[in-house]
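Below: the structure, in structure tokens.
Since every read-out is calculated from the coordinates, none of them should be taken as a lab result. As the structure is a prediction and not an experimental result, all values here were calculated from the model. Reconstructed Cβ throughout: ideal geometry from the backbone, glycine too, with neighbour counts over all protein chains shown.
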Amino acid sequence: MATTTPRMKITYSTLSADNEELQSAFDAAVEKVRGELGRSYPMIIGGEERAAEQEFEDRSPIDTSIVVSRFPVGTRPDVQDAIRAARDAFPAWRDLGWRKRIEILRRAADLISERQFEYAALMTFEVGKNRLESLGDVEEAADLLRYYSDEMERNDGFVRPMGSLSDTEHTRSVLKPHGVWAVISPFNFPMALSGGPCAGALIAGNTVVLKPSSDAPLLGYKFGEALRDAGVPDGVFNFVTGPGETVGAELQENPGIDGMVFTGSYEVGMKLYKSFTRDVPRPIITEMGGKNPAIVTATADLDEAAEGVMRSAFGFDGQKCSANSRVYVERSVARDFVDKLVERTRQIAVGDPTQRRNWMGPVINQRAVDKFETAVTEAKGDGGTIAVGGEVLRDGDTDRGYFPAPTVVTGLPTSHRLFRDELFVPLLVVGEVDSLDEALELSNQTEYGLTAGIFSQDDAEIRRFLDAIQAGVVYVNRRAGATTGAWPGVQSFGGWKGSGSSGKSGLGPYYVQQFMREQSQTIIGQEPPAA
Ligand code: NAD
């Protein structure tokens, strides 16, 4: 049923970087794409390329003298055209039927997998992810297409026979696409979080207008390229670029949009959530930020805990929505835990992530560096101790980019704002607690509820954590990542509370249905025609 990838599958849990074939394939891809950097790319509207009067530069956070790509500063009329094109393309895409749609989209998934190294190398230049993270992001986009296609098939296109009240009556429930969906994506998973929501919408039979982050437009464009090459008809997928305040706002206000998926910050997401449905009910899925806690109890394996926390706090430089940004550790083991964490954090190689030796790269832009520096100053001023890190690296390898050192802060009161606010930088605060109950209470005292983790060897503690924690994605004793690392069909991924609006996660079995609405069909006297 599911299509298989031809090669070794590289996911976020692929811890081993010592696969020589993988490493040299990535090195070759870096050299290949280096020659392509700086190109101008168009928007895609109704299958046609569209430029604009102005372009913006997509510069690399590794070295800001590198222009990765140039994209049009789209305008409201461009977005209006894209919505029109999507509306025109909708009836034929819907009527193609789900079997043909998933055939095309599975082909797109295979093209993405075939191009995994090239796309990943571009992603490393564009957002500064290390090679395994970039490879994982690309393959995740492909697997999202596969998994949601499998779900459509497993559910037989979501056509379900219902009961009947007489012999002559035939009734069924049919889920049908809405029409045109807008997808607004963030910078940090530029292919998976552009591709995943588009995949859900398209498989369900909708057409799409995608607006990527201006910090990372290229991988959204590449996703569209794979769709086109797989045979997705013109107008089914449209791609517009430009500022959230105009291009994003038009998507939000235009009545030609039937539904929206937004992934990004709480501030922007909540604004959209409130305004999108102002005049008429329309579905909107908002996936927002997190302030993800890890709890370390006195019974924990402290090596496992230190490793899992380090990986989740500093993987992709603290810029995963699932990043572990606060730890509550029981006082009796706090010192040992922090020592182990600091020791591991010191060993992290930070620098140009196109180089194999570097596990951490840059943060996305100067604003993120400013946030980091403000947080460090505040921590010091409020009585905290910088157990490791605290500085922005500016040596030969890093002085043209944005490279904060991985930083652990101890000694702040757990009421401090650094335990509450999402910073999205490599800075972790560690607080001491007297009990698991206190840790749970503090963990839940936040507007967010995305991911959480616990390290404990005690079954009762683990049960208590699973019962009480308010988060959409939870992990127990996970060395590979205390709070991070989800995969389509393996871990559903979505937030509770201020982290997500739908209660039905991406990557999981209830996702595709959200892009459809139910119709009950009662037919008297004859069997219903095939759906
Ligand atoms: P952001 O909110 O700054 O931007 C997200 C997208 O919204 C971008 O495409 C941006 O151009 C657009 N936008 C900005 N203003 C807009 C407006 N007024 N109208 C319409 N669109 C607008 O987020 P970011 O910095 O790109 O990403 C980081 C944030 O995303 C973090 O908060 C992170 O936790 C969150 N995130 C959440 C998830 C999740 O699954 N819950 C996944 C990844 C990232």
Which residues among the range 402-422 fall inside the zone where the amide N is under 19 Å from a point 7 Å beyond the Cα of R346, along Cα→Cβ?
405-411
Using only the Cα atoms of the range 291-352, build the gyration tensor, take square roots of its eigenvalues as a ≥ b ≥ c, and label the shape rounded, prolate or oblate: rounded if a/c is under 1.5, else prolate if a/b is larger than b/c, else oblate.
oblate
Taking Cα atoms, how many degrees apart are the long axis of helix 459-468 and the longest axis of the chain, rounded to 10 and kept between 0 and 90?
50
Label-point gap, in nm, between D234 and E438 - each point 7 angstrom along Cα→Cβ
6.7
What's the FRET efficiency of E391 with S65 using the Cβ-Cβ distance as r and R₀ = 25 Å, to the nearest 0.05?
0.65
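Can you compute the charge dipole magnitude of the chain about its Cα centre, using +1 on each Lys and Arg Cβ and -1 on each Asp and Glu Cβ, nothing else charged? Give it in debye, rounded to the nearest 20. Before the final figure, lay out the partial values.
Numbers: 57 positive and 76 negative charges, 160 e Å.
About 760 debye.
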Rounded to the nearest 10 degrees, what's the angle between the helix 98-114 long axis and the longest principal axis of the chain, both from Cα atoms, 0 to 90?
40
Out of all DSSP beta bridges with both ends in the range 292-489, state the antiparallel percent to the nearest 5.
15
Along the positive direction of the dipole of the chain (beta-carbon charges: Lys, Arg +1; Asp, Glu -1; about the Cα centre), which of Q116, Y475, N19 reaches farthest?
Q116
Furthest towards positive pole of dipole, S492, A249, F465, structure part the chain, Cβ charges:
A249
J(HN,Hα) series, the range 347-356, from Karplus relation 6.51 cos²θ - 1.76 cosθ + 1.60, nearest Hz, glycine and proline x:
7, 5, 8, 10, x, 4, x, 6, 8, 4
Could I have the simple spin-label model distance between D339 and R357, label points 7 Å from Cα toward Cβ, reported in nm to one decimal?
3.0
Residue separation times 0.36 nm, minus the C-alpha to C-alpha distance between K380 and S520: what's the value?
44.2 nm
Output the direction-averaged projected area (hull surface divided by four) of the convex hull of the alpha-carbon atoms of the range 292-489, in nm².
10.9
Linear extension gain, R172 paired with T246, 0.36 nm per residue minus alpha-carbon span:
22.4 nm
Sites N155 and K100, calculated FRET efficiency, Cβ-Cβ separation with R0 22 Å, nearest 0.05
0.85
Have a look at the DSSP beta bridges in the chain and tell me what percent are antiparallel, nearest 5.
40
Tail weight of P(r) past 13 Å, computed on alpha-carbon pairs of the range 110-158, percent
57
Roughly what angle does helix 266-276 make with the longest principal axis of the chain, taking Cα atoms, 0 to 90 degrees, to the nearest 10?
20
Just the ratio, please: alpha-carbon radius of gyration of the chain over 2.2 N^0.38 Å, N its number of residues.
0.98
Gained length - V73 relative to T299, 0.36 nm times residue gap less alpha-carbon distance:
75.9 nm
Student exercise, the range 292-489 dipole from Lys, Arg, Asp, Glu Cβ charges, in Debye to nearest 20
600
For A294, the residues 5 or more places away or on another chain with a placed amide H closer than 5 Å to its own amide H are R326, V327, Y328, G453
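Just in the range 392-429: which trypsin sites (Lys or Arg not before Pro) are loop by DSSP and have at most 14 other Cβ atoms within 10 Å? Please list the in-between numbers first.
Details: sites: R394, R400, R417, R420; in loops: R394, R400, R420.
Here the sparse-neighbourhood loop sites are R394.
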I need the calculated FRET efficiency for the pair E373 and K32, taking r as the beta carbon distance and R₀ as 35 Å, to the nearest 0.05.
0.45
Inter-label distance, nm, simple model (7 Å from Cα along the C-beta direction), L466/E267:
3.9
